[in-house]
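To keep things clear, I will list the structure first and then write my remarks on it.
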Amino acid sequence: MVATFIGPEFPSIFGGLIGLFIVLVTIKKGWLLPKENWDFDKKENWNKDWLGSIKLKSEVRNDVRSIPLWLAWIPYLALGILLVLTRLEVFPFKSWLEGVVIGWSNILGTTISATFSPLYLPGTIFLIVIVLTFILHRLNGKMILRAINESSGMLIGSAITLFSAVPMVRIFINSGVNDAGLVSMPIELANQAAFYLGNSWPLVAPFIGALGSFISGSATFSNMMFSLLQFSVADQLVLPPERILSLQILGSNAGNMICVLNVVAAASVVGLVGKEGTIIRLTILPMLLYSSIAGVIGFLFIIIF
């Protein structure tokens, strides 16, 4: 409903907020809670590897100040409002922002061209909200630099992955532009998949997405790499492409459970460095179950109904 009536950028945002609301209500009502409460041991008994060289904010910062709860929520509310205003057709902002286009035609002498609207990108809205937050929270220069440094440190890993992965994805997708007259790699893979798997493809589609996330460490990268493959298979088998693509996205989300990048990050936080293999062996079971259920439901809706 959110994707249909507001826009494709919003399900992930609203999904998190709705999920948070459900979790809070569930906890407040006491539903689905364990009989015995579990918590970490006292801090003085923690493994030293858990802390490393990181200290608690209260131990290293004397200039930390409290702000009202409503002011802390302003960035999230502003982001949601600006995204809605710039995506809905009833407002003129969308056409204005999409009017500014940057493109590159016949890239490196090929028939490949690419264009985008920089002002319409969600990232541009994020930057605007960042500036607005700096002003509303009355951050001084030192605070702004520290916020940028800490945020950049957390993003550097994902940024390197995406900056290196995106060109490879473009090569993969546009590999059909060649002097040998060969079709692109995703199209050839789709041809073979359609031939050997036929109408059972909905059962397999989520696992393709999960494989992409496991290899690349990113659901975004998995969707970029395999969406054309999924669409091509659906087209050849005369299956609804939007449902096949939804199975790809479900699978890519499931693949995050065993994504090496995520497992390493989580293990380092809870002091389980070196136990990544054990974590993956445990989480691969719910990933397989998740993907299997998604595939069966997709198969029933696509093939039978």
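Tell me, which helices (runs of 4 or more DSSP H) lie completely within segment 202-305 with 3 or more residues that are buried (at least 19 other Cβ atoms within 10 Å of the Cβ)?
On the way: elements: 219-237, 241-255, 260-269, 276-299.
Once the helices (runs of 4 or more DSSP H) in segment 202-305 are filtered for at least 3 residues that are buried (at least 19 other Cβ atoms within 10 Å of the Cβ), what remains is 219-237, 241-255, 276-299.
Checked against the criteria, F126 counts as under 19 Å from V84 (Cβ atoms) and of a type in the set (A, V, I, L, M, F, W, C).
Might you let me know whether segment 102-109 holds any residue that is in contact (Cβ under 8 Å) with a residue 12 or more places away in the chain and not charged (D, E, K, R)? Step through it out loud before you land on a result.
Of all residues in segment 102-109, those in contact (Cβ under 8 Å) with a residue 12 or more places away in the chain come to 102-103.
Subsequent filtering for residues that are not charged (D, E, K, R) retains 102-103.
Looking for residues that are in contact (Cβ under 8 Å) with a residue 12 or more places away in the chain and not charged (D, E, K, R), one finds at least one in segment 102-109, hence yes.
Which of the helices (runs of 4 or more DSSP H) found entirely inside segment 67-165 contain at least 1 residues meeting this: in contact with a Pro (Cβ under 6 Å, 6 or more places away or on another chain) and at pLDDT 95 or above? Walk me through how you get there before you give the answer.
Working: elements: 69-87, 93-98, 122-136.
Here the list reads 122-136.
Listed by first and then second residue, the pairs with beta-carbon distance under 7 Å, at least 6 apart or on different chains, first residue in segment 247-262 and in the same structural domain as M287 (by TED's automatic domain parsing), second assigned to a loop (DSSP other than H, G, I, E, B) and at pLDDT 90 or above, are N262/N256. Counting only residues that are assigned to a helix (DSSP H, G or I) and at pLDDT 80 or above, segment 1-43 holds 21 of them. Inside segment 196-217, residues that are in contact with a Leu (Cβ under 7 Å, 6 or more places away or on another chain) and hydroxyl-bearing (S, T, Y) make up a count of 0.
Pairing each residue of segment 6-31 that is charged (D, E, K, R) with any residue that is surrounded by 11 or more Cβ atoms within 10 Å (Cβ to Cβ) and not in a loop (DSSP other than H, G, I, E, B), provided the two are 6+ apart or on different chains, yields C-beta distances under 9 Å for E9/A3; E9/L83; E9/R87; E9/P122.
The values are calculated or read from the model by the stated rules, or taken from the named source; none is laboratory data. None of these values were measured; they are calculated from a predicted model. Note: ideal-geometry Cβ built from the backbone for every residue, glycine included; neighbour counts use all protein chains shown.
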